[in-house]
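Undergrad: The structure that follows is given in the form of structure tokens.
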Amino acid sequence: MVQPRPGLGYAMVAIAATLFAVNGTVSKVILGSGISSGQLTEVRCGGTLIGLALIAVATRPRSLRVRAADLPLLVALGIGLAVVQWAYFFAIHRLDIGIALLIQFIAPILVALWARFVYHEPVRRRIWAALVLSLTGLTLIVEIWQGGRLSGPGVAACGLAAISFAAYLLIAERGVRRRDPISLSAWGVLFATIFWSLLAPWWSFPGRRVDDHVSLLGNLSSAHVPLWLLMLWMVVLGGVVPFALIVSALRHISATRAGITAMLEPVVAIVVAWAWLGESLAPVQLSGAALTLVGIGLAQTAR
């Protein structure tokens, strides 16, 4: 049995959150090259499937076995994973990355509310403070009084991302009670890949564009790199590696502590997007970001 090392667990989650945050900007550069949100989701799911399957085969091959009774949950997990990724990519193509992530990260509040009213689980009263803080923060971030200054479809996609992310968390929570986390995710990504392969068949993917050299945009616009290199980063360092780090971290710290530490992602994403793409939040939006993060933190501890 592995001896818990909390410091190592926190470091793993922090590194994973940082990699996910950088991946937001990398993905936005890929989207700027003309690759659609659906195509990008398909590539990420397919590549992550290969990575997770290899890890599972190398470590616990028997964990990949599946019973017919498990299929409904695995299919639902895959659909949730497919939708949340597409919605996030769609949103960051139309909104600043920090705004998109902060809206998506209200998922823990939705999970806690679902646990309270649907599962009838005990949830601490702080969930109401979390809800008020987060909604107030999101109101400031979106600047709702500006009357649609932000992209309406982008904000709607963020809302869909939050809902589908919450659904994914709830389904995965049930799934890990019966399956190894790596194999569970591998099966989920398999069905996510199948889902997008039906909506956007692989033969329609612009494969000839993979060798194109594209601008890194923003403050790095003078630099050009092959599109395949950015996609490789997105799959390996933006998917397989950070996920494996988070799963491994759960051997050392609780899921609640990992969730709170993972809130580093929107913070780092805002900094990276500012330094790389020149995206920035107005002072009132930064105040909203702080309130939202406090609310999300409370929600993580409410259940």
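Undergrad: Please state which of the following conditions Ala223 fails to meet, knowing it meets all the rest: (1) under 26 Å from Gly38 (Cβ atoms); (2) in contact with a strand residue (DSSP E or B) (Cβ under 8 Å, 6 or more places away or on another chain).
TA: It is condition (1) that Ala223 fails.
Undergrad: Also: Checking the structure you have, find out if any residue of region 115-122 is modelled with pLDDT of 85 or more, within 20 Å of Thr292 (Cα to Cα), more than 24 Å from the chain's Cα centre (by Cα) and outside any helix (DSSP H, G or I).
TA: Looking for residues that are modelled with pLDDT of 85 or more, within 20 Å of Thr292 (Cα to Cα), more than 24 Å from the chain's Cα centre (by Cα) and outside any helix (DSSP H, G or I), one finds none in region 115-122, hence no.
Undergrad: Could you look through region 220-245, keep only residues that are aromatic (Phe, Trp, Tyr) and within 20 Å of Tyr88 (Cβ to Cβ), and pick out the one that is surrounded by the fewest Cβ atoms within 10 Å (Cβ to Cβ)? Walk me through how you get there before you give the answer.
TA: Residues of region 220-245 aromatic (Phe, Trp, Tyr): 228, 233, 243.
With within 20 Å of Tyr88 (Cβ to Cβ) added as a condition, the list becomes 233, 243.
Details: Trp233: 19, Phe243: 21.
Step by step, filter region 220-245, then rank; the result is Trp233.
Undergrad: Note down all Cβ pairs under 7 Å where the first residue falls in region 162-185 and is of a type in the set (Phe, Trp, Tyr), the second is assigned to a helix (DSSP H, G or I), and they're at least six residues apart or on different chains.
TA: Phe165/Val84; Phe165/Gln104; Phe165/Ala107; Tyr168/Leu77; Tyr168/Gly80; Tyr168/Leu81; Tyr168/Val84
Undergrad: While we're looking at this one, here's another question. Pairs needed: first member in region 38-52, farther than 18 Å from Ala161 by Cβ and touching a residue at least 24 places away in the same chain (Cβ under 8 Å); second member anywhere, buried (at least 19 other Cβ atoms within 10 Å of the Cβ) and of a type in the set (Ser, Thr, Tyr); C-beta distance under 9 Å; at least 6 residues apart or different chains.
TA: From region 38-52, the pairs are Gly46/Thr193; Leu49/Thr193; Leu52/Ser183; Leu52/Ser185.
Undergrad: Now, a different point. Please give the number of the condition Val66 fails out of (1) touching a residue at least 24 places away in the same chain (Cβ under 8 Å); (2) part of a helix (DSSP H, G or I); (3) surrounded by fewer than 18 Cβ atoms within 10 Å (Cβ to Cβ); (4) of a type in the set (A, V, I, L, M).
TA: So the condition that Val66 fails would be (2).
Undergrad: Can you pull out the residues in region 1-21 that are β-branched (Val, Ile, Thr) and surrounded by fewer than 22 Cβ atoms within 10 Å (Cβ to Cβ)?
TA: Val2, Ile15, Thr18
Undergrad: Mind checking whether some residue in region 11-26 is assigned to a helix (DSSP H, G or I), more than 28 Å from Gly218 (Cβ to Cβ) and more than 14 Å from the chain's Cα centre (by Cα)? It would help to see each step written out before you state the result.
TA: Taking region 11-26 first, the residues assigned to a helix (DSSP H, G or I) are 11-26.
This time we only want the ones that are more than 28 Å from Gly218 (Cβ to Cβ), so: 11-12.
From what's left, more than 14 Å from the chain's Cα centre (by Cα): 11-12.
Yes, there is a match, as at least one residue in region 11-26 is assigned to a helix (DSSP H, G or I), more than 28 Å from Gly218 (Cβ to Cβ) and more than 14 Å from the chain's Cα centre (by Cα).
Undergrad: Is there a residue being surrounded by fewer than 23 Cβ atoms within 10 Å (Cβ to Cβ), touching a Gly at 6+ places or on another chain (Cβ under 6 Å), closer than 23 Å to Val267 by Cβ and among the charged types (D, E, K, R) anywhere in region 91-99?
TA: The answer is yes, given that some residue of region 91-99 is surrounded by fewer than 23 Cβ atoms within 10 Å (Cβ to Cβ), touching a Gly at 6+ places or on another chain (Cβ under 6 Å), closer than 23 Å to Val267 by Cβ and among the charged types (D, E, K, R).
Undergrad: Any residue in region 203-219 that is exposed (fewer than 15 other Cβ atoms within 10 Å of the Cβ), closer than 22 Å to Pro108 by Cβ, polar (S, T, N, Q) and in contact (Cβ under 8 Å) with a residue 40 or more places away in the chain?
TA: No, that holds for no residue.
Undergrad: Turning to a different aspect of this structure: Output the number of residues of region 1-49 satisfying the condition of being among the β-branched types (Val, Ile, Thr) and more than 26 Å from Leu198 (Cβ to Cβ). I'd like the intermediate steps shown before the answer.
TA: Of the residues in region 1-49, the ones among the β-branched types (Val, Ile, Thr) are 2, 13, 15, 18, 22, 25-26, 29-30, 35, 41, 43, 48.
From what is left, the residues that are more than 26 Å from Leu198 (Cβ to Cβ) are 2, 13, 15, 18, 22, 25-26, 29.
Counting residues in region 1-49 that are among the β-branched types (Val, Ile, Thr) and more than 26 Å from Leu198 (Cβ to Cβ) gives 8.
Undergrad: Separate question: Considering only region 187-282, give the helices (runs of 4 or more DSSP H) lying wholly within it that have at least 1 residues that are aromatic (Phe, Trp, Tyr) and modelled with pLDDT of 95 or more.
TA: Numbers: elements: 227-235, 241-249, 255-261, 264-277.
Once the helices (runs of 4 or more DSSP H) in region 187-282 are filtered for at least 1 residues that are aromatic (Phe, Trp, Tyr) and modelled with pLDDT of 95 or more, what remains is 227-235, 264-277.
Undergrad: For Tyr119, state whether it is crowded, with 24+ Cβ neighbours inside 10 Å and aromatic (Phe, Trp, Tyr).
TA: Numbers: crowded, with 24+ Cβ neighbours inside 10 Å: no; aromatic (Phe, Trp, Tyr): yes.
No; evaluated as a whole, the condition is false for this residue.
Undergrad: Taking the criterion of being in a loop (DSSP other than H, G, I, E, B), modelled with pLDDT under 90, more than 25 Å from Ala244 (Cα to Cα) and of a type outside the set (A, V, I, L, M), would at least one residue in region 151-166 satisfy it? Walk me through how you get there before you give the answer.
TA: Start the filter on region 151-166 by keeping residues that are in a loop (DSSP other than H, G, I, E, B), which leaves 151.
Narrowing further to those that are modelled with pLDDT under 90: 151.
Now drop any that are not more than 25 Å from Ala244 (Cα to Cα), which leaves 151.
Applying the additional criterion that residues be of a type outside the set (A, V, I, L, M) yields 151.
The answer is yes, given that some residue of region 151-166 is in a loop (DSSP other than H, G, I, E, B), modelled with pLDDT under 90, more than 25 Å from Ala244 (Cα to Cα) and of a type outside the set (A, V, I, L, M).
Undergrad: Could you run through region 246-275 and say how many residues are of a type outside the set (Val, Ile, Thr), farther than 20 Å from Leu298 by Cα and crowded, with 20+ Cβ neighbours inside 10 Å?
TA: Summing the residues that are of a type outside the set (Val, Ile, Thr), farther than 20 Å from Leu298 by Cα and crowded, with 20+ Cβ neighbours inside 10 Å in region 246-275 gives 4.
Undergrad: Please tell me if Leu170 is of a type in the set (A, V, I, L, M, F, W, C), under 19 Å from Ile260 (Cα atoms) and at pLDDT below 90. Working first, answer last.
TA: Details: of a type in the set (A, V, I, L, M, F, W, C): yes; under 19 Å from Ile260 (Cα atoms): yes; at pLDDT below 90: yes.
Answer is yes for this residue.
Undergrad: Among the residues of region 27-45, count how many are closer than 13 Å to Leu217 by Cβ and assigned to a helix (DSSP H, G or I).
TA: Within region 27-45, residues that are closer than 13 Å to Leu217 by Cβ and assigned to a helix (DSSP H, G or I) number 6.
The values are calculated or read from the model by the stated rules, or taken from the named source; none is laboratory data. Please read these numbers as outputs of a predicted model, since none were measured by experiment. With ideal geometry, Cβ positions are generated from the backbone for all residues, glycine too; neighbour counts draw on all protein chains shown.
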